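Comments concern the structure below.
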Amino acid sequence: MSQSLAAAGTAVGTAADTAASTAAELVLAGDLTRPARLTVPDLLGWPQHQAEVTFECATSGVRRHRFTGPLLHEVLVDAGPGFDPVRRKDRLRFLIAVSGADGHHALLSWAEIDPDFGRAPVLLAVTIDDTPLDRAGPQLVLPQDRCGARHISGVNAIRVDGDYTSWA
Ligand SMILES: Nc1nc2c(c(=O)[nH]1)N[C@H]1C(S)=C(S)[C@@H](COP(=O)(O)O)O[C@H]1N2
Ligand SMILES: [Mo]
């Protein structure tokens, strides 16, 4: 019985279509008091924003997309970054390392997305062009970027890091 069900499942799709593996997971780690694992449906729990972005790709030219999703800043604040929230200067040493499942990486500074500093309305998109990203995983969206390279798709890890003492 279970064998024939498995065979039927294989016939209509790939292993990635099985219930256990459909939801891509995003790991929030680093200097956080509440590290988390989030799926795209989890990201619907924050207020949703929309962005129409046009960016240039070095290889495929001008691209245009519509994204929806929560602000990266709101999601990360809820994970409890390890700075003193009332001391603005304390936030300036934090960086945000974003990784795609394919190994594409980019760094943002905390100040870049902080409403007291750069105020960039960076999203963790849950839809692209009205298509849900539940299986692919969320996409980083930077409406301020001219180039497309930081619009990382299939984001599977975000690390917040404020400790540079080991660099000295
Ligand atoms: N995970 C991942 N995301 C990525 C890339 C990549 O190599 N891996 N390339 C980036 C680059 S260089 C561009 S221009 C855009 C292109 O997005 P589009 O083809 O969906 O318009 O995706 C970005 N996101
Ligand atoms: Mo690109």
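Rule-based calculations on the coordinates, nothing more; no lab input. No experiment lies behind these values; they were computed from the predicted model shown. Note: ideal-geometry Cβ built from the backbone for every residue, glycine included; neighbour counts use all protein chains shown.
For segment 42-62, name all the residues that are within 28 Å of Cys147 (Cα to Cα), more than 16 Å from ligand 1 (Cβ to nearest atom) and either under 12 Å from the mean Cα position of the chain (by Cα) or surrounded by 11 or more Cβ atoms within 10 Å (Cβ to Cβ) (or both).
Initially, segment 42-62 is screened for residues within 28 Å of Cys147 (Cα to Cα), giving 43-44, 46-62.
With the extra rule that they be more than 16 Å from ligand 1 (Cβ to nearest atom), the set shrinks to 43-44, 46-50.
Answer for segment 42-62, where residues must be within 28 Å of Cys147 (Cα to Cα), more than 16 Å from ligand 1 (Cβ to nearest atom) and either under 12 Å from the mean Cα position of the chain (by Cα) or surrounded by 11 or more Cβ atoms within 10 Å (Cβ to Cβ) (or both): Leu43, Leu44, Trp46, Gln48, His49, Gln50.
Condition first: under 23 Å from Asp129 (Cα atoms) and surrounded by fewer than 19 Cβ atoms within 10 Å (Cβ to Cβ). Can you find one or more residues in segment 70-78 that meet it? Let's see the steps before the verdict.
Here is the first cut: in segment 70-78, the residues under 23 Å from Asp129 (Cα atoms) are 70-75.
Next, only the ones that are surrounded by fewer than 19 Cβ atoms within 10 Å (Cβ to Cβ) stay: 74.
Yes, segment 70-78 has at least one match.
Report, ordered by the first and then the second residue, all pairs with beta carbons closer than 9 Å, sequence separation of six or more or different chains, a first member in segment 45-61 that is near ligand 2 (Cβ under 9 Å from one of its atoms), and a second member that is of a type in the set (A, V, I, L, M).
Going by the 9 Å Cβ cut-off, the qualifying pairs are Phe55/Val62; Phe55/Leu142; Phe55/Ala149; Glu56/Val62; Cys57/Ala149; Ala58/Ala149.
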